[in-house]
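Structure, as structure tokens:
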Amino acid sequence: MINVTYSGNYQDILTDDKKRTLKSIHEKLYAKTGEGNDYVGWLDWPSGLSEDFLNGIKDTATQIREKADVLIVIGIGGSYLGAKAVIEALQPHFEKNPNFEVLFAGHQVSGPYLKQLMSYVDDKEVALNVISKSGTTTEPALAFRFLQQYMKDRYGKEAESRIFVTTDAEKGALLTLAEEKGYKRFVVPDDVGGRYSVFTAVGLLPIAAAGFELNQLIQGAKDAEDELKSFNPGDNPAIRYGTIRHHLYEQGYTNEVLATFEPKLSFVQEWWKQLFGESEGKEHKGIFPISVVYTTDLHSLGQYIQDGKRNLLESFLVVDEADEDLEVFEAENNADQLNYLAGLSLHEFNLTAYKGVSEAHLSGGVPQIGVHVKKIDEYHLGYLLYFYMLSCAYSAYLLGINPFNQPGVEDYKTAIFKLLNKPGY
Ligand SMILES: O=P(O)(O)OC[C@H]1O[C@H](O)[C@H](O)[C@@H](O)[C@@H]1O
């Protein structure tokens with residue numbers, strides 16, 4: 001379902017030694033005995049999802065769509081990027097959703113954003129889904145403080161039936177608050193970290209509310225879980241991708257540029273950055289994840305990628321089939337001199353551009369990985385996101401890093417809290 005290509009020879013990387021290392025990673029991962037094993041609930045999560053659970057999410061999504069025109073999803077990092085990635089990939093570019101919108105808040109602290117959001121929804125019916133695994137993250141908590149008040153002012157007691165909380169089952173300030181007010185709650189499983197949580201209620205409720213097909217998304221993830229669990233490092237694309245990028249890292253390619261020709265995937269790229277960046281960037285190790293959308297960025301970052309410092313590897317996220325397309329037509333006077341393209345579709349143009357860019361960058365000293373997915377729909381996105389999560393676990397374990405914690409993010413938080421005189425800091 002996913003095809004991973006490489007500009008080098010994969011068999012050369014796959015030495016007996018590497019196979020042994022991969023085998024031991026595979027065994028620890030699936031036996032849930034590797035480092036960070038408290039957080040591998042995502043691994044068999046898709047196949048464990050019950051009809052009842054999915055129906056519960058779908059029913060709530062239907063209720064939300066019945067009573068509201070807008071769902072504001074409050075969350076940051078893993079509590080926002082998965083839903084945002086799927087929704088952006090699936091919704092049309094324009095007239096996103098004339099009858100129902102999913103908007104996001106709490107993923108930054110911008111006064112203008114929050115003020116303008118509240119005035120934008122003033123003439124619309126609103127529901128809120130506040131998502132935080134810890135229940136204590138400052139940005140969403142701050143946004144929720146404002147938006148909860150907004151809801152109370154607008155709806156009084158009825159606000160309580162318009163607010164949905166997704167958080168830990170047992171702890172956190174958000175849980176206490178939800179219990180106090182009787183808000184409907186969804187659980188972030190204990191053993192699933194934020195950046196691995198897209199197939200839990202964290203991602204599923206906003207995605208369902210946006211009107212997308214959960215069964216297909218989950219089926220894609222389930223098939224990925226099933227097909228990628230075999231230890232077959234020659235063919236398994238998740239092992240392949242993890243192994244190639246790790247090999248390139250060892251050769252000094254410490255930055256990975258994830259490139260796509262499909263602008264709708266730009267939030268899949270953002271989600272991927274958190275996934276790989278937070279999973280691997282520890283102990284002064286790890287590939288720094290960067291993203292570009294082509295051909296746009298060929299006209300800005302293309303120069304650097306072609307000729308700049310040689311520590312870049314490039315991985316293309318290639319969509320093989322376009323759902324909509326245009327064919328270049330023959331113009332009478334050919335004033336723009338583009339008749340040579342007549343008969344070519346824009347998708348074919350991009351596939352050719354992929355080949356050309358890939359050749360040029362390779363000759364400039366940037367090794368190439370291709371991650372090919374058939375098309376963009378619920379099923380293939382489900383498959384793709386699971387594929388990346390699994391590859392990430394292999395890749396981080398190859399580095400000797402626990403993929404499932406993020407100890408480093410506390411340092412800047414402590415520094416900010418000290419400056420703000422937060423009690424206890
Ligand atoms: O869901 P939350 O607990 O609010 O966390 C939201 C995000 O913020 C944290 O600082 C972590 O770095 C992320 O891994 C997490 O996804």
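Couple of notes before you dig in:
- Matching residues, the stretch 198-220, being within 16 Å of the ligand (Cβ to nearest atom) and either among the acidic types (Asp, Glu) or more than 20 Å from Ile64 (Cα to Cα) (or both): none
- Selection status of Asp69, over 19 Å from Gly382 (Cβ atoms), within 16 Å of the ligand (Cβ to nearest atom) and surrounded by fewer than 17 Cβ atoms within 10 Å (Cβ to Cβ): no
Matching residues to (1) closer than 20 Å to Asn350 by Cβ; (2) outside the structural domain of Gln11 (by TED's automatic domain parsing); (3) in a helix (DSSP H, G or I):
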position	(1), (2), (3)
Ser230	no, no, no
Ile239	no, no, yes
Ile244	no, no, yes
Leu248	no, no, yes
Tyr253	no, no, no
Leu258	yes, no, no
Ser266	yes, no, yes
Gln269	yes, no, yes
Trp272	yes, no, yes
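- Within the stretch 177-197, if we keep just the residues that are assigned to a helix (DSSP H, G or I) and in contact (Cβ under 8 Å) with a residue 12 or more places away in the chain, the residue that is nearest to the ligand (Cβ to nearest atom) turns out to be Gly194.
- Helices (runs of 4 or more DSSP H) within the stretch 14-101 that include 2 or more residues more than 29 Å from Glu278 (Cβ to Cβ) and assigned by TED's automatic domain parsing to the domain that holds Glu225: none
- Looking across Leu54, Leu142, Leu49, one residue alone is surrounded by fewer than 22 Cβ atoms within 10 Å (Cβ to Cβ) and free of Cβ contacts under 8 Å to residues at least 40 places away in the same chain. It is Leu142.
- Taken across the stretch 382-389, residues that are in contact (Cβ under 8 Å) with a residue 40 or more places away in the chain and touching a Gly at 6+ places or on another chain (Cβ under 6 Å) do occur, with at least one present.
- Test: residue in the stretch 397-411 that is more than 30 Å from Tyr196 (Cβ to Cβ), touching a residue at least 40 places away in the same chain (Cβ under 8 Å), not β-branched (Val, Ile, Thr) and not in a helix (DSSP H, G or I): no
- Just one residue in the set Asp12, Asp44 is touching a residue at least 12 places away in the same chain (Cβ under 8 Å) and acidic (Asp, Glu); that residue is Asp44.
- Residue-level check: of (1) within 22 Å of Ser197 (Cβ to Cβ); (2) surrounded by 21 or more Cβ atoms within 10 Å (Cβ to Cβ); (3) away from the ligand (no atom under 16 Å from the Cβ), Ala83 misses just (3).
Residue by residue, here is whether (1) among the β-branched types (Val, Ile, Thr); (2) more than 9 Å from the ligand (Cβ to nearest atom); (3) in a loop (DSSP other than H, G, I, E, B); (4) in contact with a helix residue (DSSP H, G or I) (Cβ under 6 Å, 6 or more places away or on another chain) holds:
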| position | (1), (2), (3), (4) |
| --- | --- |
| Asp122 | no, yes, yes, no |
| Gly135 | no, no, yes, yes |
| Pro140 | no, no, no, no |
| Lys152 | no, yes, no, yes |
| Glu158 | no, yes, no, no |
| Ser161 | no, yes, no, no |
| Lys171 | no, yes, yes, no |
| Leu174 | no, no, no, no |
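The values are calculated or read from the model by the stated rules, or taken from the named source; none is laboratory data. Predicted model, so just to flag it, every value in this text is computed and none were measured. Backbone-built Cβ (ideal geometry, glycine too); neighbour counts: all protein chains shown.
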